[in-house]
Structure formats: C-alpha cells, structure tokens
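Working notes, structure below.
The values are calculated or read from the model by the stated rules, or taken from the named source; none is laboratory data. The structure displayed is predicted, hence computed values, not measured ones. In this analysis, Cβ positions are derived from the backbone assuming ideal geometry, glycine residues included, and neighbour counts consider all displayed protein chains. Calculation scope for accessible area: heavy atoms of the full protein, side chains included, ligands and nucleic acids excluded. Shrake-Rupley method; radii C 1.70, N 1.55, O 1.52, S 1.80 Å.
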Amino acid sequence: MAKTDSKPRENFSNFTPYKMKKGEDYMSNDMLEHFRGLLLKWKQELMEEVDRTMHHMQEDAANYADPSDRATQEEEFSLELRTRDRERKLIKKIDQTIDRIDKDDYGFCDQCGVEIGTRRLEARPTATLCIDCKTLAEIRERQTGI
Ligand SMILES: [Zn+2]
C-alpha cells in the first residue's frame, strides 16, 4: 500500500474540453450536460478509488502478526482513512454541484454573479466563485489566519 497522505485531486482531466458553438449561450443545455458528464465520471473514479483501498485494507489486516508490523500498519491505515475522508467530502461536493446543474444554477459566481467561465470550471468543476472573488477570499483567509 502506498504510504501517502495525498489530497485527492481537486480536478479531473480525463475529458474533452468544451467547444462553444457560434452564438451559443453560456451554460446552454449542451454545456450543462458536458459538465454533468464530467462530474459524474470524476465521481465514478473517486468511488472506485475508495473501494479499492477498502478492499486493500481488509486483505492486509489479516496478514500481520508481529506487533511492530501492526503499528506501522495502523499508521498507514490512518493515513489512508484520512485520504478516504477527503475523497468522500469531495464526492459530496460533486453531488452538490450536480444538484446545482439540475437546478440550472451552475457556472455563475456565488459572490458577484458573473460567469465563472468554461475554462476555469473545467479546471475546477466544483468552483462556486469567479477567479477574482476566489483570489480575494484567499487573501482574506491569509490575513485572518482562519
Ligand atoms: Zn465573483
């Protein structure tokens, strides 16, 4: 098992970038479907990853008798569990995003209402802020130290 505490990827790269047709409206039905498909594929991938680790951990758990091995193993498991936890949160966020697509409330900044933009959304499909508001929020976060 890999000894990583890596964050799950905050994006998904296995897709074809959307090409807007001439005169097409931002967040047209086709565009919304594009993002729905992308989010569903990403979710699928994350869920398979969670499954794989769970299996792995169950198999491994039986194979350690030595107490020092067990300690190492427990450490690895807790790292894995933390990663799984982040993945589950990300899956939840993806579900919420798909929900917004269903309600036709996707692709606009929660703060100022401008178009977030297809390229930014493809880089981060769960984004709810435009790049300006996001940058501002990050600066504030750094200043208040939260
Ligand atoms: Zn904004």
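Consider residue 38 carefully, then state whether it is surrounded by 13 or more Cβ atoms within 10 Å (Cβ to Cβ), assigned to a helix (DSSP H, G or I), free of Cβ contacts under 8 Å to residues at least 40 places away in the same chain and not aromatic (Phe, Trp, Tyr). Spell out how you get there, then give the answer.
Details: surrounded by 13 or more Cβ atoms within 10 Å (Cβ to Cβ): yes; assigned to a helix (DSSP H, G or I): yes; free of Cβ contacts under 8 Å to residues at least 40 places away in the same chain: no; not aromatic (Phe, Trp, Tyr): yes.
In short, no.
Between a residue in segment 60-74 that is surrounded by 12 or more Cβ atoms within 10 Å (Cβ to Cβ) and among the acidic types (Asp, Glu) and any residue that is outside any helix (DSSP H, G or I) and modelled with pLDDT under 70, which pairs come within a Cβ distance under 9 Å, given they are 6 or more apart or on different chains?
Note: pairs meeting the criteria are 60/1.
Among the numbered criteria (1) assigned to a loop (DSSP other than H, G, I, E, B); (2) open to solvent by 50 Å² or more (accessible area, probe 1.4 Å), which one does residue 139 miss?
(1)
In segment 92-118, what residues are surrounded by 11 or more Cβ atoms within 10 Å (Cβ to Cβ), over 16 Å from residue 43 (Cβ atoms) and charged (D, E, K, R)?
Of everything in segment 92-118, those that are surrounded by 11 or more Cβ atoms within 10 Å (Cβ to Cβ), over 16 Å from residue 43 (Cβ atoms) and charged (D, E, K, R) turn out to be 105, 110, 115.
Which residue pairs have Cβ atoms under 8 Å apart, sit 6 or more places apart or on different chains, and have a first residue in segment 110-121 that is hydroxyl-bearing (Ser, Thr, Tyr) and a second that is surrounded by 14 or more Cβ atoms within 10 Å (Cβ to Cβ) and outside any loop (DSSP other than H, G, I, E, B)?
118/31
For segment 110-126, indicate whether the set of residues that are in a loop (DSSP other than H, G, I, E, B), more than 18 Å from the chain's Cα centre (by Cα), within 16 Å of the ligand (Cβ to nearest atom) and polar (S, T, N, Q) is non-empty.
Within segment 110-126, one or more residues are in a loop (DSSP other than H, G, I, E, B), more than 18 Å from the chain's Cα centre (by Cα), within 16 Å of the ligand (Cβ to nearest atom) and polar (S, T, N, Q).
Please verify whether residue 36 is at pLDDT 95 or above and either within 16 Å of the chain's Cα centre (by Cα) or farther than 28 Å from residue 25 by Cβ (or both), treating the condition exactly as stated.
It is true that residue 36 is at pLDDT 95 or above and either within 16 Å of the chain's Cα centre (by Cα) or farther than 28 Å from residue 25 by Cβ (or both).
Looking only at residues that are within 15 Å of residue 39 (Cα to Cα) and in contact (Cβ under 8 Å) with a residue 24 or more places away in the chain in segment 79-91, which one is surrounded by the fewest Cβ atoms within 10 Å (Cβ to Cβ)? Step through it out loud before you land on a result.
Here is the first cut: in segment 79-91, the ones within 15 Å of residue 39 (Cα to Cα) are 87-91.
Now narrow it down to the ones that are in contact (Cβ under 8 Å) with a residue 24 or more places away in the chain: 87-88, 90-91.
Details: 87: 18, 88: 14, 90: 18, 91: 17.
Selected residue: 88.
I'd like to know if segment 128-141 contains one or more residues that are of a type in the set (Gly, Ala, Ser), out of contact with any Ser or Thr (no Cβ under 8 Å at 6 or more places or on another chain) and away from the ligand (no atom under 12 Å from the Cβ).
No, because not a single residue in segment 128-141 is of a type in the set (Gly, Ala, Ser), out of contact with any Ser or Thr (no Cβ under 8 Å at 6 or more places or on another chain) and away from the ligand (no atom under 12 Å from the Cβ).
Which condition number in (1) more than 16 Å from the ligand (Cβ to nearest atom); (2) basic (Lys, Arg); (3) over 24 Å from residue 18 (Cβ atoms) is the one that residue 103 fails?
Going through the list (1) more than 16 Å from the ligand (Cβ to nearest atom); (2) basic (Lys, Arg); (3) over 24 Å from residue 18 (Cβ atoms), residue 103 breaks only (3).
Take the residues of segment 122-136 that are touching a residue at least 24 places away in the same chain (Cβ under 8 Å) and open to solvent by less than 30 Å² (accessible area, probe 1.4 Å): which is farthest from residue 24 (Cα to Cα)?
Checked segment 122-136; the qualifying residue farthest from residue 24 (Cα to Cα) is 133.
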